[in-house]
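S.K.: Can you read through this structure? Questions will come right after.
The values are calculated or read from the model by the stated rules, or taken from the named source; none is laboratory data. All values reported here derive from a predicted model rather than from experimental measurement. As a convention, Cβ positions derive from the backbone with ideal geometry for all residues, glycine included, and neighbour counts pool all protein chains shown. Accessible surface areas use protein heavy atoms only, side chains included; no ligands, DNA or RNA. Shrake-Rupley method; radii C 1.70, N 1.55, O 1.52, S 1.80 Å.
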Amino acid sequence: MRKVNEGNHHYTKNKASKWKRSSWIAACLALTLVIMAGCSSDNKNTANGAEGVQELTVLLDWYPNAVHTFLYAAEEQGYFKEAGLNVKLQVPADTNDALKLVATGKADLAISYQMQVAVARAEEIPIVSVASLVRHPLNQLFVLESSGVKTPKDLVGKKIGYPSIPLDEAYVNTMVKTDGGDPSGLNYVDVGWDLIPAMTTKKVDAIIGGYVNHEKLLLEKEGEKLIALNPADYGVPDYYELVMTASEDGVASKSEAFKKFIDAAAKGQEYTASHPDEALQVLLDKQSADYPLDTEIEKQSLQVLLPLMDAGSEAFGSQSAESWSNVISWLQEHGQLTKEIKAEDAFRNL
C-alpha cells in the first residue's frame, strides 16, 4: 500500500535527478535478482557456509527510516548474531512486491501492513503476520488548521487529497459517518503521491495517506499548521500499522528461526527505546545516497514511533485475535475483501 511519495523531501520533482527512472528500474531488477538468487525457503540455508548459522532475508516496507531503527540496532548490537542468525535487510522494488516475494519463498520475512495482509489472504496469497511492529495507525487524516475543520464531519464540502486508494476513502468515509456527517458530500481529489505539495499549495483542505511520523513532520517543517485526526478515534479499528509477515510454508519450516529473529528484534527495540540517539545514529550512518535522510525529521519520527511500538506488559510483537477480528470485520463491511477469511488464519504468535 505504501508507495514512494513524490511529495516527500526525498522525492520532490525538484530533486528528480536523484531518481532517474532507468537507474531505479535497474536497481529494482538487480535487487530482485539478488533476492531470487540468494534466498530460499529451504531449511538448510546457512551464512557463508557457517554450520548452524541460519540466513534470513528480511524485506523492509519502504526505504530505511526511523521505523526500522530497531532492526539496525539489533544488527549493530550483535543480537541477530547471538541468536545464530545472519539477517539481510533489503529494500523491495515496490511495497506490494514484498508479500509476493515472501509468499513464493524468494524472501523469508517482510514488513507489511495488517490491512494488506488481510486483503492478501482474501486473494488466497498464503501470507501470515508473525509479529506486530507499529501497534496503532500511522496513516492519519491531516487537515489544514486554516480550513476551519475541527472534526471529520466538518470535511463535508471540503477537498480531500488522496493517492486514489479505496482503503483510504473507506477510512475517511467511516470517520465522517461516525462523527455524524454524510460521506456522500465529501470531495476527493486524486493527487497521487504528491500529498505534501497538494497541502502546501492549498490545492486541498486535507489529505489521507500520509503518516503522522513522516508527512506530518515534513509539512510542519514547511510551516503548515495541521490538525491530525486518528481513524481509530472515529470508527476505524485501532489496527496494527506495520507487521512482520512470513509465508505459511515458511512458518511451518522455519518457525524456530523466526522466533529467534523476533526475540532479537525485541532486544533491538528495547535498546532503541533506552538509547534512541545512539540507535538512530546507526541507521543514519548506514543510509544510502539513494535514500537520503533528514536527521532532524528522523529524530522526531522516532519519538513519535516509540510509544506506538510499545507493547506495554505484552511481549514485543504480540498480536491479538480481537485486533484481527475487528480489522477483518471492518474490511468486509466496507467491501475491501474479495472473500471471507478467518482471523486465526491471518496471524501467528510464535
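S.K.: Restricted to the stretch 191-211, and to residues that are open to solvent by 10 Å² or more (accessible area, probe 1.4 Å) and not hydroxyl-bearing (Ser, Thr, Tyr), which residue is modelled with the lowest pLDDT?
M.R.: TRP193
S.K.: Going by what's in this entry, would ASN349 be described as surrounded by 13 or more Cβ atoms within 10 Å (Cβ to Cβ) and within 21 Å of ASP61 (Cβ to Cβ)? Walk me through it before giving the result.
M.R.: Working: surrounded by 13 or more Cβ atoms within 10 Å (Cβ to Cβ): yes; within 21 Å of ASP61 (Cβ to Cβ): yes.
Considered against the rule, which asks whether it is surrounded by 13 or more Cβ atoms within 10 Å (Cβ to Cβ) and within 21 Å of ASP61 (Cβ to Cβ), ASN349 comes out as yes.
S.K.: Now a separate question. Write out, first by first residue and then by second, each pair whose Cβ atoms fall under 8 Å of each other, whose residues are 6+ apart or on separate chains, and whose first residue, in the stretch 321-333, is farther than 18 Å from ALA170 by Cβ while the second is surrounded by fewer than 20 Cβ atoms within 10 Å (Cβ to Cβ) and of a type in the set (Gly, Ala, Ser).
M.R.: ALA321/ALA343
S.K.: Would you check if GLN300 is within 17 Å of VAL67 (Cβ to Cβ), at pLDDT below 95 and under 20 Å from the mean Cα position of the chain (by Cα)?
M.R.: No; evaluated as a whole, the condition is false for this residue.
Residue by residue, here is whether (1) touching a helix residue (DSSP H, G or I) at 6+ places or on another chain (Cβ under 9 Å); (2) crowded, with 18+ Cβ neighbours inside 10 Å holds:
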position	(1), (2)
MET244	yes, yes
GLU248	yes, no
GLU256	no, no
LYS260	yes, yes
THR272	yes, yes
PRO276	yes, yes
VAL282	yes, yes
SER288	no, no
TYR291	no, no
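S.K.: Still on this structure, please answer the following. Let me spell it out: the conditions are (1) more than 26 Å from LEU293 (Cα to Cα); (2) at pLDDT 95 or above, and LYS225 meets all of them except one. Which number is the exception?
M.R.: Answer for LYS225: the failing condition is (1).
S.K.: Just to check your reading of the model, which residue among LEU293, LEU283 is more than 27 Å from SER320 (Cβ to Cβ) and in a loop (DSSP other than H, G, I, E, B)? Spell out the reasoning first.
M.R.: Values: LEU283 fails: in a loop (DSSP other than H, G, I, E, B).
Among LEU293, LEU283, only LEU293 is more than 27 Å from SER320 (Cβ to Cβ) and in a loop (DSSP other than H, G, I, E, B).
S.K.: Shifting gears a bit: Output the residues belonging to the stretch 141-159 that are surrounded by fewer than 23 Cβ atoms within 10 Å (Cβ to Cβ) and in contact (Cβ under 8 Å) with a residue 40 or more places away in the chain. Write out each step before concluding.
M.R.: Quick first cut of the stretch 141-159, residues surrounded by fewer than 23 Cβ atoms within 10 Å (Cβ to Cβ) only: 144-151, 153-154, 156-159.
Correct list: LEU144, GLU145, SER146, SER147, VAL149, LYS150, THR151, LYS158, LYS159.
S.K.: Next question. Within the stretch 165-183, how many residues are in contact with a Gly (Cβ under 9 Å, 6 or more places away or on another chain) and part of a loop (DSSP other than H, G, I, E, B)?
M.R.: 2
S.K.: For the stretch 212-232, which positions are in a helix (DSSP H, G or I) and buried (at least 16 other Cβ atoms within 10 Å of the Cβ)?
M.R.: Passing the criteria: GLU215, LYS216, LEU217, LEU218, LEU219, PRO231.
S.K.: Could you list, in sequence order, all residues of the stretch 75-117 that are out of contact with any helix residue (DSSP H, G or I) (no Cβ under 8 Å at 6 or more places or on another chain) and farther than 16 Å from ILE127 by Cβ?
M.R.: Within the stretch 75-117, GLY78, LYS81 qualify.
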